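Everything on this sheet refers to the single structure shown next.
The values are calculated or read from the model by the stated rules, or taken from the named source; none is laboratory data. This structure is a prediction, so every number in the text was calculated from the model and none was measured. Cβ sites come from the backbone with ideal geometry, for glycine too, and all protein chains shown count toward neighbours. Side chains included, ligands, DNA and RNA excluded: accessible areas come from the protein's heavy atoms. Shrake-Rupley method; radii C 1.70, N 1.55, O 1.52, S 1.80 Å.
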Amino acid sequence: MISVQSLKKSYTIGNKSYEILREIDMQAEKGEFIAVMGPSGSGKSTFLNLLGGLDTPDGGEISVNGKDIHRLNEKQRTLFRREHVGFIFQNYQLLPNLTVEENVSFPMYSGGKDKQEIKKQVDELLKSVSLEGKDNNYPSQLSGGQQQRVAIARALSMNPNLILADEPTGNLDRRTGTEVLRLLSSLHQKNQLTIIMVTHDVYAASYADRIILLKDGEIESDIRQTEGANHDVMANLLAKFNS
Ligand SMILES: Nc1ncnc2c1ncn2[C@@H]1O[C@H](COP(=O)(O)OP(=O)(O)OP(=O)(O)O)[C@@H](O)[C@H]1O
Ligand SMILES: [Mg+2]
């Protein structure tokens, strides 16, 4: 599903170059739920953006669903993203002047579907994130957790097989964050969705079945968790492991 080989990324500021990712190798199977952890500035968001084709690497290869996404031209890459990848961000990134229904449906209009069909799909999506009846609310009329659930519905609107989430629970309290994690986890199980989630939070990471730790531009560790782990116990273990 995802294959990353010798991925490199540097940023240049002034005349100084900073190596953010040195030599990243990683494979992910379809249906894996992976958490990416690491200190602030370790390149987690950079890595996620490269995986989603939002940024370009300096070297190496990233193939998603058998396509080397950085060999595609800009237009092909946009299309590829639209068809295969759903993004979720810490600050939701909903469009403030669109209603919930419009936020979820707008990616769908590019596909040539008719209005009726889109409406039906949006209703189903909103139901799947427990937001029935909120279609006409604007984002400012929703709680943080509800806004993030709209963002999840939007990420799912094109039926992607890969979800890239950057700190999806970063702005939420524990209870609301847990709702979002349970939702991601159930979507992952039900639809065989592959999820790559960047997080600082060991509790959030405990929902993933594999945890990758980035440090100094490299993958420092890559561990798998057993199924059905207790999240609090797992979070404690991870906290020790991270310190
Ligand atoms: N567009 C950019 N130009 C220059 N440097 C950048 C750019 N984007 C990120 N960086 C630098 O790359 C490094 C990694 O950034 P990144 O956002 O990937 O970190 P992160 O692990 O996601 O951190 P955090 O946990 O704080 O979100 C940082 O040192 C950052 O300053
Ligand atoms: Mg980040």
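Taking the Cα centre of segment 17-165 as origin and charging only Cβ (+1 Lys, Arg; -1 Asp, Glu), how large is the dipole, in debye to the nearest 20? Can you show the working numbers first?
Working: 17 positive and 19 negative charges, 72 e Å.
The calculated dipole for segment 17-165 is roughly 340 debye.
What fraction of the Cα pairs in the chain, stated in percent, has a spacing above 33 angstrom?
Values: 5348 of 29403 pairs.
Every Cα pair in the chain considered, those over 33 Å come to 18 percent.
Which pairs break 24 Å Cα to Cα here: Lys30/Lys67; Lys75/Lys134; Lys119/Lys190; Lys16/Lys67; Lys9/Lys75? Don't skip to the answer; put the middle values down first.
On the way: Lys30/Lys67 14 Å; Lys75/Lys134 34 Å; Lys119/Lys190 22 Å; Lys16/Lys67 33 Å; Lys9/Lys75 22 Å.
Lys75/Lys134; Lys16/Lys67, as the Cα separations exceed 24 Å there.
Across segment 89-170, how large is the tail of the calculated P(r) beyond 18 Å, expressed as a percent of all Cα pairs? Display every interim value, and only then the final one.
Details: 1197 of 3321 pairs.
Every Cα pair in segment 89-170 considered, those over 18 Å come to 36 percent.
In cubic angstrom, how much convex hull volume per residue do the alpha carbon atoms of segment 19-130 span?
On the way: hull volume 17.6 nm³, N = 112.
Output value, Cα hull per residue: 157 Å³.
Less than 17 Å apart at the alpha-carbon level, and either on another chain or at least 8 residues along: which aspartates and glutamates does that give for Lys8?
By straight Cα distance, Lys8 reaches Glu19, Glu23, Asp25, Asp55, Asp58, Glu61, Asp68, Asp216, Glu218, Glu220.
To one decimal place, what Kirkwood hydrodynamic radius in Å is obtained for segment 181-240 from all pairs of distinct Cα atoms?
On the way: mean 1/r = 0.0818 Å⁻¹.
Hydrodynamic radius (Kirkwood, Cα only) of segment 181-240 equals 12.2 Å.
Per DSSP helix of 4 or more residues, -39500 (n - 2.57); summed, then divided by the residues of the chain. What does that give at 222 nm, rounded to the nearest 500? Walk me through the numbers before you get to the answer.
Numbers: 8 runs with 86 residues, N = 243.
The per-residue figure over the chain is -10500 deg cm²/dmol.
Classify segment 35-77 from the C-alpha gyration tensor, please: rounded if a/c falls under 1.5, else prolate or oblate depending on whether a/b exceeds b/c. Write down the numbers at each step before the final one.
Working: a/c = 2.44, a/b = 2.06, b/c = 1.18.
Note, shape of segment 35-77 comes out prolate.
Among Thr99, Ser128, Gln146, flag the residue with its Cα farthest along the positive direction of the charge dipole of the chain, charges on Cβ as +1 for Lys/Arg and -1 for Asp/Glu.
Towards the positive end, the residue furthest out is Thr99.
With angles folded into 0 to 90 degrees, how steeply does helix 231-242 sit against the dominant principal axis of the chain? Use alpha carbons for both and round to 10.
Around 30 degrees separate the two axes.
Could you give the distance between the Cα centres of segment 181-205 and segment 15-38, to the whole Å?
17 Å
How much area per residue is accessible in the chain when the probe is 1.4 Å and only protein heavy atoms are counted (Å²)?
Values: 12120 Å² over 243 residues.
Heavy-atom SASA per residue in the chain reads 50 Å².
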